[in-house]
Structure formats: C-alpha cells, structure tokens
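In what follows, a structure is listed as structure tokens, so that the remarks can point back to it.
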C-alpha cells in the first residue's frame, strides 16, 4: 500500500504498521519521516514550505524513524503539542498563508503511542516563502527564504532556481 495513494481519512493503523515492509513508502520527494518534534519551529516551517513549493503533495509523518525504518510512535501530549504549533507557527512568517491549510490526523498504533500524519498540498500557482521576522518594524521583515524538496532533502533555493520553479509551475497549467 502506497500512503500517497490514500487520503488521510482512509489510512489505517494496518497501513502504518506495514510502512517498513513497503519500499514505495521510503522517504522521498513526497514523504518525510520524523521521530518526534524537537521544538524547532523554524525547521518545521521549512519542512512545510519545501512540500508546498513542490510539484506534488507531500506527507510529513511523526513517530517513525527513517534509517533504519522503525515505527516508534509519539505520545498523545506530543500530538497535541504538534497541533498547537501547526496552528500558531504556520500562520506566522509564511507568505502567503498556506492555502489550503495542511490536513492532519493522529492514528493510534498501540495503547500509548500514535503516529501523526500531516498532508501538505502543493501550491499550483506561485510559491510560498518564509519571512525573516514577523515584526514589520524589524530589519529582516522583508528577507525571504524559499525552500523545496530535492532528492528527499530540504533545499534552500537561490534566485535562479526560484525563477525556474515559477516558470515550471506556470507551464504545468
């Protein structure tokens, strides 16, 4: 079962438990695994923007170790913490505001642990940026960073890559 062929609502605990047996679910341009959220909100913003600026939707999954792939799970309070961060952090310093806002879902994998999945829609026209600061009076307010997913890794784009991506998206319409 390939996770990307399903909607978040239709992914089951059985699908999650089979992740490590399915090579099509390796980390890729569309899937990123994270053991847990380490509190780094800047890095989390980058993770979201890299998928949103790509050509295809992406899914970020907390509670799974990538190498070697193991389902670890996270506790309910960690799920709640990630939800709070999503609802606060993604509305700050992301320009324009992500639309549609990423969908998310927690799936219980045992009595105490969950896997938390976040589906990030690719922006069809244009791209997203991360502002240098959320205070309009700060000198870095108008400094932007642009990220994309390349070969399973986050990549900060330079101006040439940025223009090329905008042109590619325009031509895909």
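Read-outs throughout are calculated quantities, based only on the coordinates presented, and are distinct from any laboratory measurement. Treat the numbers as computed from the prediction; the structure is a model and nothing was measured. Positions of Cβ are backbone-derived with ideal geometry, glycine not excepted, and every protein chain shown enters the neighbour counts.
Using a Gaussian network model of the chain whose springs link C-alpha atoms within less than 10 Å, name the residue from 48, 101, 146 with the highest mean-square fluctuation. With Cα springs under 10 Å in the chain, the top fluctuation among 48, 101, 146 is at 101. The ranking of 11, 72 from fewest to most other beta carbons within 10 Å of each one's beta carbon is 72, 11.
Across 137, 119, 158, mean-square fluctuation computed from a Gaussian network of the chain (C-alpha pairs under 10 Å connected) peaks at 137.
Only counting other Cβ atoms within 10 Å, I'd like 55, 160 sorted with the fewest neighbours first. Write out the running numbers ahead of the final one.
Working: 55 15, 160 8.
Neighbour counts put them in this order, fewest first: 160, 55.
When the chain is treated as a GNM, springs tying every alpha-carbon pair under 10 Å, which of 124, 75, 161 comes out with the largest mean-square fluctuation? Between 124, 75, 161, it is 161 that shows the largest mean-square fluctuation.
Would you mind classifying region 58-173 by shape? Square roots of the alpha carbon gyration tensor eigenvalues, ordered a ≥ b ≥ c; an a/c under 1.5 is rounded, otherwise it is prolate if a/b is larger than b/c and oblate if not. Taking the square roots of the gyration eigenvalues as a ≥ b ≥ c, region 58-173 is prolate. What percent does the relative contact order of the chain come to when contacts are Cα pairs within less than 8 Å and at least six residues apart? Once normalised by length, the contact order is 25 percent. For the chain, the longest principal axis of the alpha carbon atoms and the long axis of helix 159-172 meet at an angle near 70°. Pairing the Cα long axis of helix 76-89 with the longest principal axis of the chain, what angle in degrees results, from 0 to 90 and rounded to the nearest 10? Helix 76-89 sits at roughly 10 degrees to that axis.
Model label points for residue 137 and residue 56, set 7 angstrom from Cα along the Cα-to-Cβ axis, are 4.7 nm apart. The angle between the Cα long axis of helix 41-52 and the longest principal axis of the Cα atoms of the chain comes to about 90 degrees, rounded to the nearest 10.
Taking the helices alone, the chain has a mean residue ellipticity at 222 nm of -8000 deg cm²/dmol, built from -39,500 (n - 2.57) per DSSP H run of at least 4 residues and averaged over all its residues.
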